[in-house]
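Engineer: Got a structure for you, written out below as structure tokens; questions coming shortly.
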Amino acid sequence: MESVLELDEAKPTILKIGGSVITDKNGELAARTEVINRLAEEIQKANTRRLVIVHGGGSFGHPTAQKYGIKEGLREETQKIGFAETHHVMTVLNGLVMDSLVWHSVPAVSIMPSSCIITKNGRIKTFDDAALKMLLGMDFVPVLYGDAVLDETLGFTVLSGDQLVAYLAMKFNAARIVIGVDTDGLYDADPKTAKNAKLYTHLTLSELEKVKSRLAGSAAVDVTGGMLGKINELIPVVAQGIPVAIVNAAKPNRTYKALIGGSVEGTLIEKE
Ligand code: IP8
């Protein structure tokens, strides 16, 4: 069966760009500027109407957040500089993404999640989305990212780009989500370690739920943690009828092709 992503230009498209695509996760503060530039070119070429971009943290947000235990919340004063540092390095990575988008003539405007979102126990509780709505209505391209945010119960925490994508898609009734990762899509095992890992080209909601329980029950939880987290966020989105395309954004043109719609080179997830 051919996996085809339908386009509805009146509704927003949410594009997630994985931190592992735009940074080198083995380094520290190691941006892949050539990849960022290529993606900016693809985004400009696709010229998608009502596009929202969310990017991840990669080797910017994650090592700092981990060093200070930011996700687990505020327990001691010394973590405060860690919260500030985690947020700051995300603004640095965001600056590099913005630089590239704007110089490629994409009318992108950055929205800082830590300034408009408060979570409760790690889940988004309030989101002041007035600016985002207005930007979208004026055909700007709002750009958000995983960030260190304030949390009503924990003091602060880490908000993943994946939670943000799912939240935005449901809140704005998105036409579709495109997720750019550094593998060819969603596999039945980690393709980086399992040689015979099989790529899913199309999944329904019930098949996705089965994949989730397989991944959750396998010994490979650690290595697939990122993908399992994504699946958890995506299940309610797909249940709401929003299709999701997972493509390899590290390879040229896959993101462009997913953005212009039609046949998906990767994994397409649909309700039925
Ligand atoms: O890479 C996390 O965003 P993600 C951002 O989308 C931070 O999980 C601050 C680590």
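The values are calculated or read from the model by the stated rules, or taken from the named source; none is laboratory data. On a predicted model such as this, the values are computed, not experimentally measured, just so you know. Counting neighbours? That spans all protein chains shown, and the Cβs are built from the backbone with ideal geometry, glycine included. Accessible surface areas use protein heavy atoms only, side chains included; no ligands, DNA or RNA. Shrake-Rupley method; radii C 1.70, N 1.55, O 1.52, S 1.80 Å.
Engineer: In Å², what does the accessible area per residue of the range 10-62 work out to with a 1.4 Å probe?
Structural biologist: The answer is 39 Å² per residue.
Engineer: Something else about it: Along the charge dipole of the range 1-143, which of 103, 18, 118 sits closest to the positive end, that is, farthest toward it, with unit charges on the beta carbon of Lys, Arg, Asp and Glu (+1, +1, -1, -1)?
Structural biologist: Farthest towards the positive pole: 118.
Engineer: Name the shape class, rounded, prolate or oblate, that the alpha-carbon gyration tensor gives for the range 1-134, where a ≥ b ≥ c are the square roots of its eigenvalues, rounded holds for a/c under 1.5, and otherwise prolate holds if a/b is larger than b/c and oblate otherwise.
Structural biologist: Because a/c hits 1.5 or more and a/b exceeds b/c, the range 1-134 counts as prolate.
Engineer: Same structure, new question: Could you look at the range 114-246 and say what percent of its accessible area is carbon and sulfur, using a 1.4 Å probe and all protein chains?
Structural biologist: After summing per-atom areas, the C and S share lands at 56 percent.
Engineer: Could you work out [θ]222 nm for the chain from helices alone, using -39500 (n - 2.57) per DSSP H run of at least four and dividing by all its residues? Round to the nearest 500 deg cm²/dmol.
Structural biologist: Result for the chain, helices only: -13000 deg cm²/dmol.
Engineer: For the pair residue 33/residue 235, report the inter-label distance in nm, with labels modelled 7 Å from Cα in the Cβ direction.
Structural biologist: Once both label points are built, they end up 4.3 nm from each other.
Engineer: Please label the shape of the chain as rounded, prolate or oblate, based on the square roots a ≥ b ≥ c of the eigenvalues of the alpha-carbon gyration tensor (a/c under 1.5 means rounded; beyond that, a/b larger than b/c means prolate, else oblate).
Structural biologist: Rounded, since a/c falls under 1.5.
Engineer: Quick one: net charge around residue 162, please, counting Lys, Arg +1 and Asp, Glu -1 for every other residue with C-beta under 9 Å from its C-beta.
Structural biologist: That sum, taken over residues with Cβ under 9 Å, equals +1.
Engineer: Here's something else I'd like to know. Rounded, prolate or oblate: which fits the range 45-99, taking a ≥ b ≥ c as square roots of the Cα gyration tensor eigenvalues, rounded meaning a/c under 1.5, else prolate when a/b beats b/c?
Structural biologist: Judged from the Cα gyration tensor, the range 45-99 comes out prolate (a/c at least 1.5, a/b above b/c).
Engineer: Please find, in a Gaussian network model of the chain (springs between Cα atoms separated by less than 10 Å), the residue of 241, 180, 95 whose mean-square fluctuation is greatest.
Structural biologist: Evaluated over the chain, the most mobile residue of the options is 95.
Engineer: What does the charge count around residue 238 come to, taking other residues whose C-beta lies under 12 Å from its C-beta (Lys +1, Arg +1, Asp -1, Glu -1)?
Structural biologist: Combined, the nearby Lys, Arg, Asp and Glu give -1.
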